[in-house]
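The structure under discussion appears below in the form of structure tokens.
Quick note: the coordinates plus some simple rules give every number you see, no bench work behind them. Nothing here was measured: the structure is a model prediction, and the numbers come from that model. Glycine gets a Cβ as well: all are built from the backbone with ideal geometry, and neighbour counts include every protein chain shown.
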Amino acid sequence: MKVLLIQPPSCDPMTDQIFLFEPLALEYLGAGLKEDGHEVELLDARLEPDVESACRRLQPDLVGLTGFTSHVNIVKGIAARLKALYPELHVVVGGHHATVCPEDFNDSSIDFVVIGEGVFTLRELVRALESEGGIRAIKGLAIPCADGMLFTEPRPYTDLNLLPMPDRSLTARHRQSYFSEWFSPLASVRTSLGCTARCNFCALWGITGGKYLRRDPEAVVEEFKTVAEPNVFFCDDESMCDVKRMDRLADLIAAAGIRKNYFLYGRVDTIVNHPELFAKWAKIGLAQVFVGMEDFSDKRLSAMNKGVTVAQQEQAVRTLDALGIMMYASYMIDPAYSREDFRAMLAHVRRMKHKYATFTVMTPLPGTELHAKRESELLSRKPELYDMLHALFPTTLPLEEFYSEMITLWTKAVPFYRIMPTLARFGPHGMLSRIRMFGRFVDKARKLHLDY
Ligand code: SF4
């Protein structure tokens with residue numbers, strides 16, 4: 001069968017200038033299908049948006065689409081356009097949103113929805129379509145129907161060690177385009193899935209039923225040997241949960257003589273409790289850790305079940321600083337913030353002396369406890385607004401003022417002199433373009449209140 005896998009365009013193309021990760025999930029799907037002898041192409045529509053031309057050229061029998069919550073209407077739009085052009089085409093949707101809210105894809109242009117890890121489900125589906133039977137026996141599928149979706153038996157969690165190696169040849173022509181900040185070109189590698197923590201705003205631990213699934217370090221090192229890029233992003237939900245595994249992985253990377261720059265997710269408590277692990281990783285190239293700091297108050301951190309304290313945050317900053325590892329500090333603004341809360345957040349971030357910090361809006365993503373508990377309070381259900389920038393719970397401040405306070409955080413929380421060395425990593429041209437882009441972003445943020 002001929003299969004076209006499509007990474008949809010981003011909801012806001014401006015984000016593609018901040019980061020653009022390789023479509024790793026589709027590379028996994030492609031690898032699985034190729035093992036069965038199918039012809040597979042991958043279209044990264046963030047870089048090549050003409051989906052219709054790709055379809056005309058390849059004439060696929062099946063198209064697979066993926067997406068997060070903000071992609072729901074984009075995915076449905078592509079499905080509708082392709083189905084109108086090629087009524088016989090099988091249209092399959094999978095990915096994060098399809099997993100947490102399959103019903104949102106109960107659409108006449110979509111034939112199948114894959115729930116959860118899709119490599120084996122899609123292989124079995126393609127096989128069944130070729131042999132014209134047995135679809136209802138495939139685990140992990142939802143089949144759109146006018147009177148409600150039909151669900152097959154759920155698929156148990158896939159052992160990550162059984163997955164094929166992702167097929168990066170599918171993105172060969174774009175490999176220089178994938179990056180995040182100054183990590184360019186950047187490859188993504190998945191070493192685990194799920195998380196041991198239980199933050200109430202996070203959908204990731206629920207997807208694996210609370211399990212932390214991990215690949216054997218030996219297999220991860222074998223994959224690293226095949227990665228050409230000098231920079232690697234660990235696209236785990238949380239990389240350092242299993243300290244022993246990561247310690248062993250560091251040893252294996254060092255023994256294999258692999259030298260790359262690494263960027264991964266780490267929790268405040270892991271950094272504080274295991275500085276020796278981060279010290280070991282710093283030696284083999286750990287350059288940046290994305291740390292969910294979230295808030296300035298122990299009370300709020302506890303309410304979101306973050307499992308860390310402000311005192312630990314301070315220690316984590318000191319630990320990474322001492323090791324020369326850049327902390328990508330991420331804070332999450334509660335729509336309930338008052339003017340005083342915004343002032344306190346500004347003071348907190350300045351006290352932390354971050355070199356790099358981002359601020360998103362606490363978002364009730366489908367699949368989270370937060371969403372389940374407070375769904376009735378949602379200001380909007382437009383998928384496009386689930387971008388971590390739009391407040392979806394009622395704000396204490398008028399919306400326009402809320403965004404104006406967000407702009408103050410974005411522009412003032414990390415003083416320019418402290419961000420300067422970070423910006424310098426982009427080189428003179430890159431630095432200028434980042435400053436210009438930031439200006440455009442702030443202009444856009446001033447109008448966010450009009451999007452509802
Ligand atoms: S630590 Fe990160 S990945 Fe783990 S539950 Fe919290 S937000 Fe989710």
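Bridges between two residues of the range 2-151, per DSSP, are antiparallel at a rate of about 20%. Where in the range 370-409 are there trypsin sites (Lys or Arg not before Pro) that are in a DSSP coil and have at most 12 other Cβ atoms within 10 angstrom of their Cβ? Taking the range 370-409 and a limit of 12 other Cβ atoms within 10 Å, the loop trypsin sites (Lys or Arg not before Pro) found are 381.
Sites listed here are trypsin sites (Lys or Arg not before Pro) in the range 252-292 whose DSSP assignment is loop and whose Cβ has at most 13 other Cβ atoms within 10 Å: 259.
About its Cα centre, the chain has a charge dipole of approximately 1540 debye under the convention of +1 per Lys or Arg Cβ and -1 per Asp or Glu Cβ, with nothing else charged. Starting from the Cα gyration tensor of the range 23-83, take the square roots of the eigenvalues, sort them a ≥ b ≥ c, and report rounded, prolate or oblate (rounded when a/c is under 1.5, otherwise prolate if a/b is larger than b/c, else oblate). Since a/c reaches 1.5 but b/c is at least a/b, the shape of the range 23-83 is classed as oblate. Restricting to DSSP loop positions (anything but H, G, I, E, B) with no more than 12 other Cβ atoms inside 10 Å of their own Cβ, which GluC sites (Glu not before Pro) remain in the range 1-101? Counting only loop positions with at most 12 other Cβ atoms within 10 Å, the GluC sites (Glu not before Pro) in the range 1-101 are 88.
For a protection proxy built on the mean count of beta-carbon atoms within 10 angstrom, sort 270-279, 137-146, 422-431, 233-242 highest first, please.
Values: 270-279: 18.8, 137-146: 17.2, 422-431: 13.7, 233-242: 22.8.
So the peptides 270-279, 137-146, 422-431, 233-242, ranked by packing, come out 233-242, 270-279, 137-146, 422-431.
Starting from the coordinates of the alpha-carbon atoms of the range 295-348, obtain the Kirkwood hydrodynamic radius over all distinct pairs and give the value in Å to one decimal.
On the way: mean 1/r = 0.0816 Å⁻¹.
12.3 Å is the Kirkwood radius here.
From least to most packed, judged by other beta carbons within 10 angstrom and beginning with the fewest, 435, 407 follow the order 435, 407.
Extending 7 Å from the Cα toward the beta-carbon at both residue 151 and residue 85 defines two label points whose distance is 3.4 nm.
Applied to the range 10-18, the Karplus parametrisation 6.51 cos²θ - 1.76 cosθ + 1.60 on θ = phi - 60° returns per-residue 3J(HN,Hα) values of 6, 4, 10, x, 4, 5, 5, 8, 9 Hz, with x for Gly and Pro.
Can you sort 443, 107 by how many other beta carbons sit within 10 Å, fewest first? Walk me through the numbers on the way to the answer.
Working: 443 10, 107 17.
Exposure proxy ranking, most exposed first: 443, 107.
Cross-link check: pairs 2/382; 211/373; 299/373; 2/83 evaluated at a Cα-Cα cut-off of 27 Å; pairs beyond the cut-off: 2/382.
Label the range 220-263 by shape, choosing from rounded, prolate and oblate, from the square roots a ≥ b ≥ c of the eigenvalues of the Cα gyration tensor; if a/c is under 1.5 it is rounded, and otherwise prolate applies when a/b is larger than b/c, oblate when it is not. Before the final figure, lay out each step's value.
On the way: a/c = 2.05, a/b = 1.24, b/c = 1.66.
Oblate, since a/c reaches 1.5 and b/c is not below a/b.
Mean projection of the Cα convex hull over all viewing directions, computed for the chain: 21.0 nm². Pairwise inverse Cα distances across the range 335-399, averaged and inverted, put the Kirkwood hydrodynamic radius at 13.3 Å. Here's the picture: charge each Lys and Arg Cβ at +1 and each Asp and Glu Cβ at -1 in the chain, and of 415, 64, 246 the one pushed furthest to the positive end of that dipole is 415. Within the chain, 11, 55, 101, 145, 195, 235, 241 have no other Cys Cβ under 4.7 Å of their Cβ and so lack a disulfide-compatible partner by this rule. For the range 155-308, the Cα-based Rg and Dmax, in that order, read 16.0, 49 Å. Here the range 2-151 is treated with +1 on each Lys and Arg Cβ and -1 on each Asp and Glu Cβ, and its dipole about the Cα centre works out to around 160 debye. The distance from the alpha carbon centre of the range 353-396 to that of the range 254-299 is 26 Å, rounded to a whole number. Ranking of 20, 193, 392 by neighbouring Cβ atoms within 10 Å, starting from the fewest: 20, 193, 392. Each of 346, 370, 391 was placed along the dipole of the chain (beta-carbon charges, centred on the mean Cα), and the one lying farthest toward the positive end is 346.
Of all alpha-carbon pairs in the range 2-151, indicate the percentage at a distance above 24 angstrom. Kindly include the intermediate steps, with their values, before the conclusion.
On the way: 2789 of 11175 pairs.
The proportion of pairs with Cα distances above 24 Å equals 25 percent.
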